[in-house]
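The structure appears below as structure tokens.
Derivation of every value follows stated rules applied to the coordinates shown; laboratory data play no part. If you're wondering where the values come from, they're calculated on a predicted model, not measured in any experiment. FYI the Cβ positions are ideal-geometry reconstructions off the backbone, even for glycines, and counts take in every protein chain you see.
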Amino acid sequence: MKQLANKHILLCVTGGIAAYKAAEIIRLFKTAGSNVRVLMTKAAQEFITPLTMQALSGNQVHADLLDTEAEAAMGHIELAKWSDVILIAPCSANSISRLAAGKGDDLMTAVCLAAESKTFFAPAMNQAMWADSRTQKNYQILIKNNFIPIGPNSGEQACGDEGYGRMSEPQEIVSEVATNFSEGLLAGKKILITAGPTREKIDPVRYISNRSSGKMGFSIAEAARDEGGLVSLISGPVSLKTPDEIERIDVESADEMFKEVNKVINNFDFFISTAAVADFKPEKFENQKIKKDKKADNLSMEFIENKDILKSISKNKGDLKIIGFAAETQDIKENAKKKLNEKSLDLIIANDVSDSSIGFDSDENEVYLITEKIEKKIEKISKKKLSRSIIEFIAKYL
Ligand SMILES: Cc1cc2nc3c(=O)[nH]c(=O)nc-3n(C[C@H](O)[C@H](O)[C@H](O)COP(=O)(O)O)c2cc1C
């Protein structure tokens with residue numbers, strides 16, 4: 001994350017069980033070349049020691065507001081001025097409440113009142129504390145006051161409960177902060193891309209798949225990253241290297257891809273579906289390898305339809321922009337327009353896969369970009385150049 005190099009990050013740690021994850025946050029910022037200072041509330045110091053934070057950040061930890069020595073060295077005003085960004089992680093329910101009330105009775109709240117830099121906060125608490133109407137009200141007040149929320153996520157909690165309130169993962173938090181410094185046509189935008197084929201298992205050694213190489217999806221991911229986007233890839237089995245600064249989740253089947261996309265889609269601004277997801281899967285998975293001699297002369301198989309990822313996402317799309325691909329062998333534009341409408345897409349990119357010199361497994365492609373109002377043909381070019389044109393089109397028209 002080159003955007004974070006030499007940036008001044010003030011990490012405020014509050015008193016929650018996720019305080020130990022602040023250590024990993026510091027490590028990630030340091031690896032990216034940032035200069036990190038740590039501020040800890042009194043409660044935070046009960047969860048993780050200032051010594052750990054000092055050792056990891058390479059800087060003295062700040063904790064006291066009314067400390068003559070600290071004030072002389074780096075008081076609350078200087079600390080506020082020093083920071084390019086303030087990140088409160090984890091941010092407890094108590095701290096959210098005190099910040100919402102505009103308090104300034106400890107170092108963390110005083111710095112946040114004095115700071116003009118962007119302030120991010122990553123709530124972390126038990127699901128009931130998070131759901132409490134007072135926490136929700138305070139959280140909204142912070143957002144109205146230009147604090148930028150990161151998470152929380154849903155999942156298993158330290159106390160054994162399940163639900164919203166779990167702090168976002170350190171990598172997710174640091175990436176969010178990095179987007180604050182991005183430049184380009186998609187600066188700060190979050191983009192989820194699916195790529196590659198899926199494999200539908202028949203028995204432990206056999207599967208049905210398709211010829212997708214994943215090249216188009218990976219190339220679009222790089223182009224979106226180069227324009228300042230925060231990109232995540234969900235990829236079927238491909239032999240491609242994960243591009244730098246792109247998060248990648250690997251899946252095999254259409255069911256797995258459906259599950260992973262639905263798990264994270266709420267965090268994204270754009271969904272670009274380049275994956276060649278199998279429409280059908282064998283109705284029955286044979287636990288043992290199907291033996292040649294056991295199946296007379298003809299082996300037949302029943303198929304059932306896979307769940308449609310694009311359709312399921314577009315049902316509750318809200319502000320999400322959805323971009324789909326249509327690999328067709330005939331009536332390309334007509335079929336693509338049908339898909340655009342049926343799946344409520346914002347843009348469809350259609351190509352002719354009957355021509356083996358373009359599309360699947362090739363390094364080149366020729367496509368139509370079709371929205372409700374615009375239709376544009378891009379003549380045969382490399383997938384790399386095409387990806388840049390697609391990203392420019394998305395940034396301009398969507
Ligand atoms: C073991 C333990 C775990 C806690 N975990 C959390 C937590 O995850 N989130 C939270 O909001 N409060 C949690 N609390 C309560 C806070 O520590 C408490 O509200 C404290 O006053 C927060 O102070 P601060 O916001 O100034 O750091 C926990 C308390 C204890 C004893």
Centre separation in Å (Cα based) which lies between the range 39-70 and the range 308-387: 53 Å
Of all DSSP beta bridges in the chain, antiparallel share, percent nearest 5: 30 percent
Protection-proxy order for peptides 238-245, 129-136, each taking the mean of Cβ atoms within 10 Å per residue, highest first: 129-136, 238-245
Two-site FRET efficiency, Lys377 against Glu156, from Cβ-Cβ distance with R₀ of 45 Å, rounded to 0.05: 0.35
Stretchable slack from Asp244 to Glu46, in nm (0.36 nm times residue separation minus alpha-carbon distance): 67.6 nm
Order by protection proxy (mean Cβ within 10 Å, highest first), peptides 300-307, 365-372: 365-372, 300-307
Residue-span extension gain [Leu398 to Leu113] - 0.36 nm each, minus C-alpha spacing: 98.9 nm
FRET efficiency for Asn298 and Lys338, using Cβ-Cβ distance with R0 set to 45 Å, rounded to 0.05: 0.80
Under 5 Å, built H, 5+ apart or other chain: amide partners of Ile148: Thr119, Phe120, Phe121
Tyr164-Asn6 FRET efficiency (beta carbon distance; Förster radius 41 Å; 0.05 resolution): 0.70
Net charge, Ile378 excluded, C-beta distance under 12 Å - Lys, Arg +1, Asp, Glu -1: +1
Sequence ranges 332-339, 21-28, ranked by mean other-Cβ count within 10 angstrom, highest first: 21-28, 332-339
For the chain, alpha-carbon Rg relative to the globular expectation (2.2 N^0.38 Å, N residues): 1.16
Reach of Lys137 by Cα under 30 Å, taken over lysines that are not fewer than 8 positions away in the same chain: Lys21, Lys42, Lys81, Lys103, Lys118, Lys189, Lys190, Lys263, Lys315, Lys317, Lys321
Length-normalised contact order for the chain - Cα pairs under 8 Å, 6+ apart - percent: 11 percent
